[in-house]
Amino acid sequence: MYAFTFERPASLADAVKLATAGGKPLAGGQTLLASMKLRLSAPEQLVDLGGIAELAGVKKDGNQIVIGAMTRHADVARNADVKSAFPALAWLADHIGDRQVRTMGTIGGSLANNDPAACYPSAVLATGATVVTTQREIAADDFFQGLFTTALKDGELITAVRFPVPKRAVYEKHLQQASHFPLVGVFLAQFDGGVRVAITGAGNGVFRHAGLEDALNKSFTPQAAAAVKIDASDLNSDLHASAAYRANLISVLAQRAVAKALG
């Protein structure tokens, strides 16, 4: 690694000051530290958010689940309120990476990094969740802006995520076995106002699939999902899978998600 200074603020206000001055926020470190070891990232100052108690925790607030940015994946997975009100989110958190990643990784770090194959962005986008920061509240549809890019400004920190609890929700993914990132992940959420479907792993960032949403709003059945043609032209093609294979996975996983949602 390159030389850097390490700060561990005890308050959110101090963390914001350090981040605004150019410090690099450190959440779970599951991506940042690895990139530093590979000399792909060389921040001069790390700002460890782990000591800020107000950034961690889960609570149910009416028909919403509110998760602090520094809440570890494992804590979301075993939280009683999440498991009861939003089991699809608990399942997602319990199947991110491996046990070590789930013990250290955080929801805020995952969203801020916005890896194109990360799991949490699909849950946020599919539910229309709200990302709360030190400066504002950002709707999910406005937050994700492409490959490793979000609406966050310099010095702006995520403090929490507010998930509306859907009537039904399912997350299905097909793993790339070496990394445990999904080759494709499909998060489906049904509300009184309609169905939202978010895809991760298939493109240069998480995205909603309008065709699947339209079809499932008309007929919430696996057959309706199967009838949707998945365009492969903008999907990833790499050594792990072709764009056509990922397109087929989107269809298959969407059908499985609907079938599971229907019980």
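At-a-glance table
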item: Residues satisfying the stated conditions in the range 148-187, i.e. in contact with a strand residue (DSSP E or B) (Cβ under 6 Å, 6 or more places away or on another chain) and either among the small types (G, A, S) or at positive phi (or both); result: A151, A160, A169, G185
item: Breaking point among (1) crowded, with 16+ Cβ neighbours inside 10 Å; (2) out of contact with any His (no Cβ under 7 Å at 6 or more places or on another chain), for D61; result: (1)
item: Residue list for the range 70-94, restricted to those being assigned to a helix (DSSP H, G or I), within 19 Å of T159 (Cβ to Cβ) and not acidic (D, E); result: H73, V76, V82, L89, A93
item: Qualifying residue in the range 172-182 (condition: aliphatic (A, V, I, L, M) and either in contact with a Lys or Arg (Cβ under 8 Å, 6 or more places away or on another chain) or assigned by TED's automatic domain parsing to the domain that holds L235 (or both)); result: yes
item: Whichever residue in the range 149-192 is among the charged types (D, E, K, R) and part of a loop (DSSP other than H, G, I, E, B) and, among such residues, is farthest from K60 (Cα to Cα); result: D154
item: Residue list for the range 228-243, restricted to those being assigned to a loop (DSSP other than H, G, I, E, B) and farther than 26 Å from F191 by Cβ; result: A232, S233, D234, L235, N236, S237, D238, L239, H240, A241, S242
item: Flag for A151 being under 17 Å from Y120 (Cβ atoms), among the small types (G, A, S) and in the same structural domain as A129 (by TED's automatic domain parsing); result: yes
item: Qualifying residue in the range 106-119 (condition: in a strand (DSSP E or B), in the same structural domain as S35 (by TED's automatic domain parsing), out of contact with any His (no Cβ under 6 Å at 6 or more places or on another chain) and of a type in the set (V, I, T)); result: yes
item: Exclusive hit being within 15 Å of P116 (Cα to Cα), of a type in the set (D, E, K, R), outside any loop (DSSP other than H, G, I, E, B) and out of contact with any Ser or Thr (no Cβ under 6 Å at 6 or more places or on another chain), set R246, R196; result: R246
item: Residue in the range 1-52 that is farthest from M104 (Cα to Cα), counting only those that are modelled with pLDDT under 95, of a type in the set (G, A, S) and in a helix (DSSP H, G or I); result: S35
item: Residues of the range 191-238 classified as in contact (Cβ under 8 Å) with a residue 60 or more places away in the chain and either among the small types (G, A, S) or buried (at least 21 other Cβ atoms within 10 Å of the Cβ) (or both), total; result: 9
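The values are calculated or read from the model by the stated rules, or taken from the named source; none is laboratory data. Just so you know, these numbers come straight off a predicted model, no measurement behind them. When we count neighbours, we look across all protein chains shown, and the Cβ atoms used for this are built from the backbone with ideal geometry, even at glycine.
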